[in-house]
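The values are calculated or read from the model by the stated rules, or taken from the named source; none is laboratory data. Source: prediction; values computed, not measured. Please note: Cβ atoms are built from the backbone with ideal geometry, for glycine as well, and neighbour counts cover all protein chains shown. When the accessible area is computed, the model is the full protein with side chains, heavy atoms only, and any ligands, DNA or RNA have been set aside. Shrake-Rupley method; radii C 1.70, N 1.55, O 1.52, S 1.80 Å.
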Amino acid sequence: MNKALKITLTIILFAIVFIAIIIGVKFAYDTYINSSYPLKYEDEVYSASAEYNIPKELIYGVIKTESNFNPDAVSAADARGLMQLTQPTFEWLHTYYSDDDYDSSNADLLFDPKINIKYGTLCLSVLLERYDNDLDTAICAYNAGLGNVDEWLTMSQYSADGKTLDSTPFGETNEYLKRVKNNRDKYAELYFSK
């Protein structure tokens, strides 16, 4: 075998190995993205997004932050399901903002992804309307509750204008806001910005 042929075969071999490595890295990256930022419950998310005019990436951002897609998740405050709703919130939303036949006194219904996503998205819609479409204030209210947010809005150290929050006294809520927005942005980049 002459020297030129050996060099050519070596180059071809290196090219094949390099391409295999690139394919392997891409496969590993795609696997990581699909497991870290899945598009689970698409029918439920797309339906709720259309019904309540809430961006899909925001719904996914809340689900990822709240439960990481565990429909059986329960918090220390007894918030349940994918979007972590409490029974009193479910009852409040059901009584005032829905005409379906769900028994809102049955908190176990919140483990049903369809119901949980519908009411979690409805909650986001109500909060955005209440806080003049200020996303940060609405997300803080989703986490800390209306009472807390309404009180913070009256305090100049948390709100300069009395309508939007600049910060909150709860480190957990400040971190929650960052996580929801980061997850929302990642979903937008991966799936919804094209």
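Write out, first by first residue and then by second, each pair whose Cβ atoms fall under 6 Å of each other, whose residues are 6+ apart or on separate chains, and whose first residue, in the stretch 37-55, is part of a loop (DSSP other than H, G, I, E, B) while the second is β-branched (Val, Ile, Thr) and open to solvent by less than 70 Å² (accessible area, probe 1.4 Å).
Ile54/Thr121
What is the one condition in (1) part of a helix (DSSP H, G or I); (2) buried (at least 20 other Cβ atoms within 10 Å of the Cβ) that Gly147 does not satisfy?
All conditions pass for Gly147, except number (2).
Please list, ordered by first then second residue, the pairs with beta carbon atoms under 7 Å, 6 or more apart or interchain, first in the stretch 78-97 and outside any loop (DSSP other than H, G, I, E, B), second open to solvent by 70 Å² or more (accessible area, probe 1.4 Å) and among the aliphatic types (A, V, I, L, M).
Arg80/Val74
Check the stretch 97-118 and report whether any residue there is open to solvent by 50 Å² or more (accessible area, probe 1.4 Å), within 26 Å of Trp152 (Cα to Cα) and at pLDDT below 95.
Yes, the stretch 97-118 contains a residue that is open to solvent by 50 Å² or more (accessible area, probe 1.4 Å), within 26 Å of Trp152 (Cα to Cα) and at pLDDT below 95.
For the stretch 119-136, name all the residues that are crowded, with 16+ Cβ neighbours inside 10 Å, over 27 Å from Ser105 (Cβ atoms) and over 16 Å from the mean Cα position of the chain (by Cα).
Within the stretch 119-136, Tyr131, Asp134 meet the criteria.
May I ask you to say which residue of Val149, Val180 is more than 20 Å from the chain's Cα centre (by Cα), under 25 Å from Tyr60 (Cα atoms) and either hydrophobic (A, V, I, L, M, F, W, C) or modelled with pLDDT under 95 (or both)?
Being more than 20 Å from the chain's Cα centre (by Cα), under 25 Å from Tyr60 (Cα atoms) and either hydrophobic (A, V, I, L, M, F, W, C) or modelled with pLDDT under 95 (or both) holds for just one of Val149, Val180, which is Val149.
Please state which of the following conditions Asn143 fails to meet, knowing it meets all the rest: (1) under 14 Å from the mean Cα position of the chain (by Cα); (2) under 16 Å from Pro55 (Cβ atoms).
Evaluating Asn143 over (1) under 14 Å from the mean Cα position of the chain (by Cα); (2) under 16 Å from Pro55 (Cβ atoms) leaves (2) as the failure.
If you go through the stretch 180-194, how many residues are in a helix (DSSP H, G or I) and surrounded by fewer than 17 Cβ atoms within 10 Å (Cβ to Cβ)?
Count: 7.
Filter the stretch 161-178 for residues that are in a loop (DSSP other than H, G, I, E, B) and in contact with a helix residue (DSSP H, G or I) (Cβ under 8 Å, 6 or more places away or on another chain); which is most open to solvent (accessible area, probe 1.4 Å)?
Among those residues, the one meeting the criterion is Lys163.
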